[in-house]
Amino acid sequence: MENEIIPYGKQHITDEDIQAVVETLTSDYLTQGPKVKEFEDDFSKYIGSKYAIAVSNGTAALHLCAMAMDVKPGDKIITTPITFAASANCVRYCGGEVVFGDIDPYTYLLDINSVEKLLEAAPAGTYSGIIPVDFAGRAVNLEEFRSLADKHGLWIIEDACHAPGGYFLDSDNKRQFCGNGNFADLAIFSFHPVKHIACGEGGMITTNDENLYKKLLALRTHGIVKDGSQYLNSVEFAGGIQDYPSWYMEMQSLGYNYRITDFQAALGSSQLKRADVGLNKRKEIAKKYFEHFENKSYILGQSSYIEGHAYHLYIIEVEDRLGLYNYLRSKNIYAQIHYIPCHLMPYYRNLGWNEGDRLHSERYYKKCISLPMYPTLSSENQNYVLSQIDEYYSK
């Protein structure tokens with residue numbers, strides 16, 4: 001077993017997935033065809049949102065959301081330092097200013113209290129929005145964030161890349177699934193290979209707002225719309241939809257080519273059919289990790305077992321994190337670190353952020369390590385991971 005590499009995450013491609021892609025590759029459409037809309041419809045039903053817009057990747061989804069919310073130079077947006085950089089970068093793409101809150105040291109999520117302190121300390125209108133992240137698969141309580149956002153006139157973009165199928169319990173003890181649009185204006189997902197649903201690359205935006213949905217459809221494709229009749233400033237010299245009903249198009253805003261292909265969408269739809277099977281397997285693996293580590297003296301913190309957690313990652317906090325990381329690699333266990341706090345990245349340091357600015361996030365980073373977590377992780381391999389961690393700390 002020591003010769004077998006055990007990664008922190010891994011895609012699972014079945015014969016059904018391959019067949020779905022092959023059928024699309026041999027069809028009439030490779031892009032802008034029926035499989036994209038099919039994937040969007042399937043995903044919105046799975047998540048529970050009214051609308052879904054498939055795009056080329058999760059970062060593109062975030063960028064489009066920032067554009068749809070009209071982020072512009074001078075706007076200040078709050079997000080968490082413990083996330084992949086794209087959660088913050090999307091604001092910078094539009095010229096906005098990123099302000100990092102801190103995390104709750106027990107949940108690893110953006111701490112609503114730290115956000116409230118930022119809002120209360122600034123004049124009304126200073127901030128425009130909040131981008132909370134369902135980090136590692138644990139759902140942010142968006143009901144609470146919605147109440148805070150409404151108090152200060154802010155929008156919410158939910159970064160749910162880690163959490164399809166995850167949920168929190170609202171004040172009525174009802175499950176609120178990540179991305180369902182009941183509290184966030186927009187939500188985004190990623191279909192990178194290590195995520196719950198793999199398309200190679202791909203992303204999805206969900207919303208319950210029809211106007212935002214229509215705006216995003218245009219922004220995804222260069223800002224081009226097909227129905228010029230709804231605009232007063234249509235291209236009059238070229239005729240209009242009434243003259244060219246199957247051809248007419250006009251660019252109404254500056255958008256991007258952030259489309260996903262039909263064969264990626266076909267793979268996504270195929271993977272979505274067994275999403276719950278994979279999610280349940282992740283929960284089984286997480287429960288085993290949690291039970292094993294519950295009384296271990298070397299554990300300083302861990303991802304507590306929660307039924308609504310989607311478990312993209314399973315994280316433990318330990319002393320001598322670097323030593324454990326290198327020891328596991330020597331045993332072909334490729335654990336990972338999620339994440340270096342965004343505010344300490346050189347780019348954001350150059351914008352004025354420094355060590356000591358967000359203490360909980362910095363303390364977490366010094367101790368955290370993500371263990372192998374994917375649906376095809378065998379019980380034998382997980383036992384091997386656990387035994388090697390125990391072995392390291394028994395020395």
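The values are calculated or read from the model by the stated rules, or taken from the named source; none is laboratory data. All values derive from a computational prediction rather than experimental measurement. No Cβ is skipped: glycine too gets one built from the backbone with ideal geometry, and neighbour counts run over all protein chains shown. The area values use the complete protein model at the heavy-atom level, side chains included, leaving out ligands, DNA and RNA. Shrake-Rupley method; radii C 1.70, N 1.55, O 1.52, S 1.80 Å.
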So N350 and L254, fully extended at 0.36 nm per residue minus their Cα-Cα distance, gain in nm 31.7 nm
Karplus ³J(HN,Hα) for the range 192-208 (6.51 cos²θ - 1.76 cosθ + 1.60, θ = phi - 60°; Hz, whole; x = Gly/Pro) runs 4, x, 7, 7, 4, 10, 10, 10, x, 9, x, x, 9, 10, 10, 6, 10
Quick one: work out the % antiparallel among DSSP beta bridges in the chain, nearest 5. 60 percent
With every protein chain present, what is the per residue accessible area of the range 24-130 (1.4 Å probe, Å²)? 41 Å²
Might you report the magnitude of the Cβ-based charge dipole of the chain about its Cα centre, with Lys and Arg at +1 and Asp and Glu at -1, to the nearest 20 debye? 560 debye
The range 269-324 and the range 81-146: distance between their alpha carbon centers, rounded to Å: 24 Å
Taking the chain as a Gaussian network, where each spring joins two C-alpha atoms under 10 Å apart, which residue of I156, I131, I340 fluctuates the most? I340
Provide the gained length on full extension for the span N280 to E23, in nm with one decimal, where the gain is 0.36 nm per separating residue minus the Cα-Cα distance. 89.6 nm
Heavy-atom accessible area per residue of the range 131-228, all protein chains kept, 1.4 Å probe, expressed in Å², is 34 Å²
At most 15 other C-beta atoms within 10 Å and a DSSP loop state: those are the exposed GluC sites (Glu not before Pro) I care about. Give me the longest piece of the chain that has none. 5-293
Positive-pole candidate from G125, A310, T80, dipole of the chain, charges at beta carbon: T80
Could you check how much of the accessible area of the chain is carbon and sulfur, as a whole percent, using a 1.4 Å probe? 50 percent
So what does Y108 come to for accessible area, using a 1.4 Å probe and Å² rounded to 10? 10 Å²
Per-residue accessible area for S394 at 1.4 Å probe radius, Å² rounded to 10? 80 Å²
Using the structure shown, select from K214/K281; K72/K283; K10/K45; K117/K296; K174/K273; K283/K395 the pairs with a Cα to Cα distance greater than 32 angstrom. K214/K281; K72/K283; K117/K296
